[in-house]
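Take a look at the structure set out below.
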Amino acid sequence: MIQVNVERIKDRQGETLLFREEVGLSHIDREEIPFAGPVDIEIELTSSDKTIQAEGTVKAVIQRPCDRCLSPVEVLIEAPFKEIYFSTSTTQDNLLQDEWISFKNEVIDIEPEVIKSLITALPMKTLCDQNCRGLCPSCGQNFNTGKCACSEEEIDPRLVELREIIKLKHGEKN
């Protein structure tokens, strides 16, 4: 749990609290985010009419395999963090219960929202290098480290004649 004590600002509208913390892997351990180091959290919490508005950034370095060659890659993720927390003593007629995050007493647990922010900021594609050449589909050789001993690329038998025409056009021999 990553807890923020908001006792100082809870009942003082407009008051702010800056929360900075580096959280080690023992506090956050999720399979979907393979952390390569601590998570840096910097959030400003502002009290506003029985709510606490939290806004800031969450940074983490994760380790993922390259999508082309499967080499391990460390990726820096910087995720925006923006949430509104309501005291459980507050009744909000204009909001559905699913739309807000409640807290009890003077402590807010921000861990679930930190994890959500990091997951939504994960890159769609991870590459070790923009020019990564990938793996041989036959033997699995990493083309970034050398050539493989596989014979010419297998092609669909229906396209063999087209390959021959292309070779003739470019002056290649069989």
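Of all positions in segment 147-155, none carries a residue that is on the phi < 0 side of the Ramachandran plot, outside any loop (DSSP other than H, G, I, E, B) and surrounded by fewer than 10 Cβ atoms within 10 Å (Cβ to Cβ).
Table: residues versus (1) modelled with pLDDT under 90; (2) over 22 Å from LYS125 (Cα atoms); (3) in contact with a helix residue (DSSP H, G or I) (Cβ under 8 Å, 6 or more places away or on another chain).
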{"site": "ARG12", "(1), (2), (3)": "yes, yes, no"}
{"site": "HIS27", "(1), (2), (3)": "yes, yes, yes"}
{"site": "GLU31", "(1), (2), (3)": "yes, no, no"}
{"site": "LYS50", "(1), (2), (3)": "yes, yes, no"}
{"site": "GLU55", "(1), (2), (3)": "no, yes, no"}
{"site": "CYS66", "(1), (2), (3)": "no, no, no"}
{"site": "PRO72", "(1), (2), (3)": "no, no, no"}
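Within the set GLU78, GLU83, the sole residue that is within 21 Å of ALA36 (Cβ to Cβ), modelled with pLDDT of 75 or more and not assigned by TED's automatic domain parsing to the domain that holds ASN142 turns out to be GLU78.
Can you find a residue in segment 132-139 that is more than 30 Å from SER102 (Cβ to Cβ), over 31 Å from the mean Cα position of the chain (by Cα), small (Gly, Ala, Ser) and surrounded by 12 or more Cβ atoms within 10 Å (Cβ to Cβ)? Yes, there is a match, as at least one residue in segment 132-139 is more than 30 Å from SER102 (Cβ to Cβ), over 31 Å from the mean Cα position of the chain (by Cα), small (Gly, Ala, Ser) and surrounded by 12 or more Cβ atoms within 10 Å (Cβ to Cβ).
For segment 67-89, how many residues are exposed (fewer than 13 other Cβ atoms within 10 Å of the Cβ) and within 10 Å of SER102 (Cβ to Cβ)? Residues flagged as exposed (fewer than 13 other Cβ atoms within 10 Å of the Cβ) and within 10 Å of SER102 (Cβ to Cβ) within segment 67-89 amount to 2.
The values are calculated or read from the model by the stated rules, or taken from the named source; none is laboratory data. From a predicted model like this one, the values you see are computed outputs, not experimental measurements. Note that each Cβ is placed from the backbone with ideal geometry, even for glycine, and that neighbours are counted across all protein chains shown.
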